[in-house]
Amino acid sequence: MRRRVCSPVPPRFGLDAARLRLPEVGEWGSLLEHLVERLPRVAPERIAAMLREGRIFGADGPLGVDSAYLPGSFVWFHRDLPDEVEVPFDISVVHRDEHLVVIDKPHFLAAIPRGKHIQQTALVKVRQLLGVHELSPAHRLDRVTAGLMMFVVRPQDRGAYQTMFRDRTVRKTYEAIAPYRPDVRLPTTVVSRIVKERGVIRAQEVPGEPNASTYVELVEHRGDLGRYRLTPATGRTHQIRIHMARLGISIVNDDFYPTLTEKPLDDFTDPLQLLARTLEFDDPVTGA
């Protein structure tokens, strides 16, 4: 097995340093020249400044603006962080042991660092809250969905827990508030083919072999609103929201389905009324 190369740069704000492996073959005259080509979204003058400031590291320490290009070597650095709108809601820890951490994620908090959401994410906030840098997500939860999200404490356990979700051996239930319609016959199982294209904000149902299945039950209703229990057998992007819209009972405050409505990132009003309620599984590490 290849020996794991450890980062010489400590985590910052709960985030690990980015790592790049330099190609074995290339004709770059210097590290700076390669990084300018390798990182086209970063201004060349910013890369040069990071090297002058000692913010880019090799295995033996900081590298300078005149550092040579070393084929096959690694470099580490922390990316510049975007300005982010603070999500003004707390995370609560509902379970913690030596293997797992389970939180109650609030609405509007992204699950993992990506795009415009870096520090204002569940992963980074929980790492900071608990002081556990190596914490990793076992699965994901939409930014606008609240409820249970599980993290793995030890790196050696990640594969076992992530495989559970991949292989669909975890039973998940959700609850939603949506319009009550006596003409919608429940319980029912909604099946369809859902496709999410990269760069397109919404997923869509398309003809073809079904790849998404959700069991929908009405728990109770009060006036024009119902409380629904939703048990997905699969985990397609926005699956529950799409299937509720297909039944004609779109979840309250759904800005995506059936109609896309743009909402500013600093608008924390009217959260989507969808909650990840339970996670059930046989623990692959402890057997519990």
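The values are calculated or read from the model by the stated rules, or taken from the named source; none is laboratory data. None of the values given here were measured: they were computed from a predicted structure. With ideal geometry, Cβ positions are generated from the backbone for all residues, glycine too; neighbour counts draw on all protein chains shown. Side chains included, ligands, DNA and RNA excluded: accessible areas come from the protein's heavy atoms. Shrake-Rupley method; radii C 1.70, N 1.55, O 1.52, S 1.80 Å.
General observations
- Across region 28-36, coupling constants 3J(HN,Hα) worked out from phi with the 6.51/-1.76/1.60 Karplus curve, θ = phi - 60°, read 7, x, 7, 4, 4, 4, 5, 5, 4 Hz, and Gly and Pro carry x.
- The string of couplings for region 117-122 from the Karplus curve (6.51, -1.76, 1.60, θ = phi - 60°) is 10, 10, 6, 8, 9, 4 Hz, one whole number per residue in order, with x for Gly and Pro.
- Gain on full stretching of the segment that runs from residue 202 to residue 265 - 0.36 nm per residue minus C-alpha separation: 21.0 nm
- The chain: antiparallel DSSP beta bridges as a percent of all, rounded to 5: 95
- Amide H contacts of residue 146 (H built 1.01 Å from N, under 5 Å, at least 5 apart or other chain): 274, 276
- Simple label model, 7 Å out from Cα along Cβ direction - residue 156 to residue 285, nm: 1.0
- Computed over region 119-272, the P(r) curve from all C-alpha pair distances, binned at 10 Å from the origin, holds 9, 33, 35, 19, 3, 0 percent per bin.
- Phi angles of region 221-231 translate, via the Karplus equation with coefficients 6.51, -1.76, 1.60 and θ = phi - 60°, into HN-Hα couplings of 9, 9, x, 8, 10, x, 10, 10, 9, 10, 10 Hz per residue; Gly and Pro are given as x.
- For residue 73, distant residues with modelled amide H under 5 Å away: 22
- List 281, 89, ordered by accessible area with a 1.4 Å probe, largest first: 89, 281
- Close amide H partners of residue 94, meaning residues 5 or more places away or on another chain with modelled amide H under 5 Å apart, are 102, 103, 104.
- Point-charge dipole on Cβ atoms (K/R +1, D/E -1) for the chain, about Cα centre, debye to 20: 580
- By the rule of a C-alpha distance below 25 Å, with chain neighbours fewer than 8 residues away ignored, the lysines paired with residue 172 are 105, 125, 196.
- The GluC sites (Glu not before Pro) of region 1-74 that meet both conditions, a loop assignment by DSSP and at most 14 other Cβ atoms within 10 Å of the site Cβ, are 24, 27, 53.
- Apportionment of accessible area to carbon and sulfur, the chain, percent (1.4 Å): 49
- Within region 47-197, percent of DSSP bridges classed antiparallel, to nearest 5: 95
- Accessible area (Å², 1.4 Å probe, nearest 10) - residue 215: 80
- Probe 1.4 Å, all protein chains present, accessible-area order of 16, 255, largest first: 16, 255
- Over region 104-172, accessible surface divided per residue gives 45 Å², non-protein components excluded, 1.4 Å probe.
- Accessible area in the full protein assembly, largest first, 1.4 Å probe, for 173, 163: 163, 173
- Spherically averaged projected area of the chain from its Cα convex hull (nm²): 18.9
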